[in-house]
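Let me begin by presenting the structure, written as structure tokens, before commenting on it.
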Amino acid sequence: MSATALRAAATRSTALELERIRADFPILGNVRPHGKPLVFLDNAASSQMPQPVIDRVVHYRTWEHANIHRGVHYLSQKATEAYEEARRKVQRFLNAREEREVVFTSNVTDSINLVMQGYGRAFIGAGDEIILTHLEHHANIVPWQMLCEEKGAKLRVVPINDAGELALDEYERLFTPRTKLVAFTHVSNALGTINPAKDMIATAHRHGVPTLVDGAQAVQHMPVDVQALDCDFYAFTGHKIYGPTGIGVLYGKAALLEKMKPFRGGGDMILSVTFEKTTYNAIPHKFEAGTPPIAQAVGLSAALDYVSAIGLDRIAAHERALLQYATELLQGIPGVRLFGTAKAKAAVLSFYVGDVHPHDVGTILDQEGVAVRTGHHCAQPLMQRLGVPATARASFAFYNTFDEVDALAAAVRKVQQLFA
């Protein structure tokens, strides 16, 4: 099917009310970089916030702001209820068994470090092994390297093929009696590859090994059910699912969270303190030391309401259509090389334009109003595997349009013209 036919068919089938949806995102229609309409295609780094999320945060800060859990006065009670309602929203969004299995953090990096400190330091020792994949973000590499250096443990890495898909037969062979944890990304931030998380978790469990899934690039693109996956830990972040920065989530099975020691000490994570002994609070509170990101949690709650009202299945269908259309257009431009051609992909396109450095590509696209990410995407081992120092990356959201894909393609053609 031609790109034109793809666009026509997708427009008929996805049926998102894009004009109405885009009106909810004031930045999309009101910011004009270099006098050009904004085409925001850097959603994998941070998505934009809709007006209902902005309004909810402003309402909290205007009418409900106070510290939580410790006060008996009206505002503290209101703030506490808003914060804990956000936890319940996350529980329902992920289909966690209990709300106490939802820990608020500052982002996915913080969540992974919490697991490294609380679980890894307690249960991984000298000679033990941790399985990662070649698709990981640095946030799911560096903490485990730090642990391995401290404990004398070892990382083992699942390779990928040229399409950016994991070699699952090799994954199976990496397990040994010393394997103590598998940590992998649900969706690659650099390539968009969707890993077969449920199958990978089942494989790990057959070997008696717990799993941590980095869901930073997944929850905004597809429904995630942690009970169906049967993962032991799952992490995601607010600013990639149309919420504020500064708020992340760690889901953990209650039995594992109960075994873990806190990552940070301070207020609210305790039941009692003397100079001789501290008794820790119950989960999840023992992992939330000090004043938490209350307004950010309230904003995340509103963001989950927003995407749930649209429907993640509808979002996924529209983004698949955008990805297919963009892939066809860019593949049709001579000299453009795409990285990551997995059969199962989220709406991410990493590419090269001839021999032009990706930073130059990004600069020229910016002059045309097109915002993409350029660099190694905090995935340097993956870049080394691909044989490039960096790529340009366009990442799509449900508010993006086919016209914006056309603008991306036109800007890429301009790069070619300038460097011809």
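The values are calculated or read from the model by the stated rules, or taken from the named source; none is laboratory data. Predicted, not measured: the structure shown is a model, and the values here were computed from it. Because the Cβ atoms are built from the backbone with ideal geometry, glycine has one as well, and the counts that use them run over all protein chains shown.
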Residues in the stretch 285-307: is at least one of a type in the set (Lys, Arg) and surrounded by fewer than 17 Cβ atoms within 10 Å (Cβ to Cβ)? no
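Every residue, every condition in (1) modelled with pLDDT under 95; (2) closer than 19 Å to Leu386 by Cα; (3) of a type in the set (Lys, Arg), yes or no:
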residue: Cys148; (1), (2), (3): no, no, no
residue: Ile160; (1), (2), (3): no, yes, no
residue: Ala163; (1), (2), (3): no, yes, no
residue: Asp169; (1), (2), (3): no, no, no
residue: Arg173; (1), (2), (3): no, no, yes
residue: Thr176; (1), (2), (3): no, no, no
residue: Thr179; (1), (2), (3): no, no, no
residue: Ala190; (1), (2), (3): no, yes, no
residue: Ala204; (1), (2), (3): no, no, no
Select, from Ala218, Ala204, Ala197, the only residue that is of a type in the set (Gly, Ala, Ser), under 14 Å from the mean Cα position of the chain (by Cα) and buried (at least 20 other Cβ atoms within 10 Å of the Cβ). Ala218
Write out, first by first residue and then by second, each pair whose Cβ atoms fall under 8 Å of each other, whose residues are 6+ apart or on separate chains, and whose first residue, in the stretch 408-420, is in contact (Cβ under 8 Å) with a residue 24 or more places away in the chain while the second is in a helix (DSSP H, G or I) and of a type in the set (Asp, Glu). Val415/Asp360; Phe419/Asp360
State which residue pairs qualify: first residue at positive phi and inside the stretch 358-373, second residue assigned to a strand (DSSP E or B) in any location, beta carbons under 6 Å apart, and separation of 6 or more residues or different chains. Gly369/Val39
Selected residue (criterion: nearest to Gly243 (Cα to Cα)) from residues of the stretch 281-296 that are of a type outside the set (Gly, Ala, Ser) and not in a helix (DSSP H, G or I): Pro293
Test Glu129 against the stated conditions and say whether it is within 30 Å of Leu166 (Cα to Cα) and surrounded by 15 or more Cβ atoms within 10 Å (Cβ to Cβ). yes
Going residue by residue through the stretch 245-263, is there one that turns out to be modelled with pLDDT under 95, under 22 Å from Glu101 (Cβ atoms) and either of a type in the set (Gly, Ala, Ser) or surrounded by 19 or more Cβ atoms within 10 Å (Cβ to Cβ) (or both)? yes
Scanning the stretch 294-341 residue by residue, those touching a Leu at 6+ places or on another chain (Cβ under 7 Å) and without any contact (Cβ under 8 Å) to a residue 12 or more places away in the chain turn out to be Gln331
Of the residues in the stretch 70-100, those that are part of a helix (DSSP H, G or I), touching a strand residue (DSSP E or B) at 6+ places or on another chain (Cβ under 6 Å) and more than 19 Å from Arg264 (Cβ to Cβ) number 3
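Residue under question is Ala394, and the condition is that it be within 21 Å of Arg320 (Cβ to Cβ), touching a residue at least 60 places away in the same chain (Cβ under 8 Å) and not polar (S, T, N, Q); does it hold?
yes
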Residues (closer than 15 Å to Ile160 by Cα and buried (at least 24 other Cβ atoms within 10 Å of the Cβ)) located in the stretch 371-400: Ala379, Leu382
